[in-house]
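Here's the structure, in C-alpha cells; my notes come after.
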Amino acid sequence: MKKLLLALLAITTLAEAGQFPLVTSINPVYVGNNGWDYYITQRVMEVGPSVDIVPYSGEVLFGHRHNPHSTNIFNAMYDDWIVQANGRDTLSALAMQLYYRYGASTPYVWHQGDDYGKDECVGYVYSYRSNQNGVPWSTVRPPAMCMNVPPPNEWCNIKTPQLYIEHGSITLKEAEGHSASTTLSVDCSTSIAVEFHLITDEPYIYLTPTGKAEITVDNKPMKSKINLPAGASQLTIKDVLTGVTAEGKNTGSSVLVMMPY
C-alpha cells in the first residue's frame, strides 16, 4: 500500500483560535498516463491565531501543488474549489466554507503531469492572487497548510493523539528560559527520514496573553532531519519559554506536522 500517515497533533492547552481543515494522510495511487489520485483524509483542527486574519484580497483554494519543478503552481481540481476574500471573513471562515461545500466529501485530488515527488502537496491554502486558478506557488501563504505527498510503500503513524507540555506553577522570574517536555510515540513501517514543523511555519507557539514557547523535537530545531527506525520509537518534544511578562495562565496551541524529509 502506498501510504504515509502524516500525523498532526495539538500541542499545549488549547486556546480560543480559528479552525482550519487539514489533510492528515495521503495515499498516492497511480492510474496510468502520468496520472495519480491522491487519496486523502481530513480533519478540522484548532491551528492558532494565524488563520484569524481577515484578508481584503486574494483567495483560498483547495487542491494541490502541481509540477513543483517546472510550472510550480497551486491548482484547484475544479474552479468551484476556490473562495474569494471579501474583507469580512477570516481565513478560517473562508477555508471552512470551502471544506463544508466540497472538501469534506472529496476522497481524492487528481494529479497529471510530472512524476510526483515529495514537493507536491495537498491542502487548503491562501494566495494573494484573486480570481485565478493555478496560482504561482510563490503567492501561497502560509505554505505549511499544504501536506506533502509521501513516497510510495512507506508509512509512519503518530501514536500520541495530543500533547500537553505543562510548566506547572513558576514565578515570572523563573519563566524566562524555563523548559518542559513530553514524549511523542511514533510507529513506522520502515526506517525513514522525517522532519517536523509547526503549522504556522514558525518554531514558536505564541502564548496568550504574553510570551512564546520555542519547540524542538529530540533537541533539534524544527525542519531538522530525524531518522526514525522501523517499528515503535519515542521522541522528546520540548519547549523553552521567552517573553512571559503576565502573571496567571499563559497558554497557546498549535499543530505539529510530520513529513518525509
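Across region 178-203, the qualifying residues are those that are under 18 Å from Cys121 (Cα atoms) and surrounded by 15 or more Cβ atoms within 10 Å (Cβ to Cβ), and the one among them that is farthest from the chain's Cα centre (by Cα) is Val194. Yes or no: region 47-59 includes at least one residue that is within 28 Å of Tyr164 (Cα to Cα), modelled with pLDDT of 85 or more, among the β-branched types (Val, Ile, Thr) and surrounded by fewer than 19 Cβ atoms within 10 Å (Cβ to Cβ). Yes.
Considering only residues in region 204-233 that are more than 21 Å from the chain's Cα centre (by Cα) and closer than 15 Å to Thr160 by Cβ, the one that is surrounded by the fewest Cβ atoms within 10 Å (Cβ to Cβ) turns out to be Ala232. Of all the criteria given as (1) touching a residue at least 60 places away in the same chain (Cβ under 8 Å); (2) within 20 Å of the chain's Cα centre (by Cα), the one not satisfied by Arg43 is (1). Looking across Ser181, Ser185, Ser138, Ser130, one residue alone is outside any loop (DSSP other than H, G, I, E, B) and assigned by TED's automatic domain parsing to the domain that holds Thr90. It is Ser138. Taken over region 62-89, the criterion of being under 18 Å from the mean Cα position of the chain (by Cα) and assigned to a loop (DSSP other than H, G, I, E, B) is satisfied by no residue. Determine, yes or no, whether Gly35 is assigned by TED's automatic domain parsing to the domain that holds Ala104, at pLDDT 90 or above, farther than 14 Å from Pro21 by Cα and surrounded by fewer than 18 Cβ atoms within 10 Å (Cβ to Cβ). Spelling it out, it is not the case that Gly35 is assigned by TED's automatic domain parsing to the domain that holds Ala104, at pLDDT 90 or above, farther than 14 Å from Pro21 by Cα and surrounded by fewer than 18 Cβ atoms within 10 Å (Cβ to Cβ). Looking for something out of contact with any Lys or Arg (no Cβ under 9 Å at 6 or more places or on another chain), surrounded by fewer than 14 Cβ atoms within 10 Å (Cβ to Cβ), over 16 Å from Pro21 (Cα atoms) and basic (Lys, Arg) - is there at least one such residue anywhere in region 86-106? Looking through region 86-106, at least one residue is out of contact with any Lys or Arg (no Cβ under 9 Å at 6 or more places or on another chain), surrounded by fewer than 14 Cβ atoms within 10 Å (Cβ to Cβ), over 16 Å from Pro21 (Cα atoms) and basic (Lys, Arg).
Selection within region 107-121: residues that are crowded, with 18+ Cβ neighbours inside 10 Å and modelled with pLDDT of 90 or more. The member of this set that is nearest to the chain's Cα centre (by Cα) is Cys121. As for region 160-177, it holds at least one residue that is touching a residue at least 40 places away in the same chain (Cβ under 8 Å), farther than 30 Å from Asn72 by Cα, part of a strand (DSSP E or B) and of a type outside the set (Phe, Trp, Tyr).
The values are calculated or read from the model by the stated rules, or taken from the named source; none is laboratory data. As the structure is a computational prediction, the values presented were derived from the model and not from experiment. Quick reminder, even Gly has a Cβ in these numbers, built from the backbone with ideal geometry, and neighbours come from all protein chains shown.
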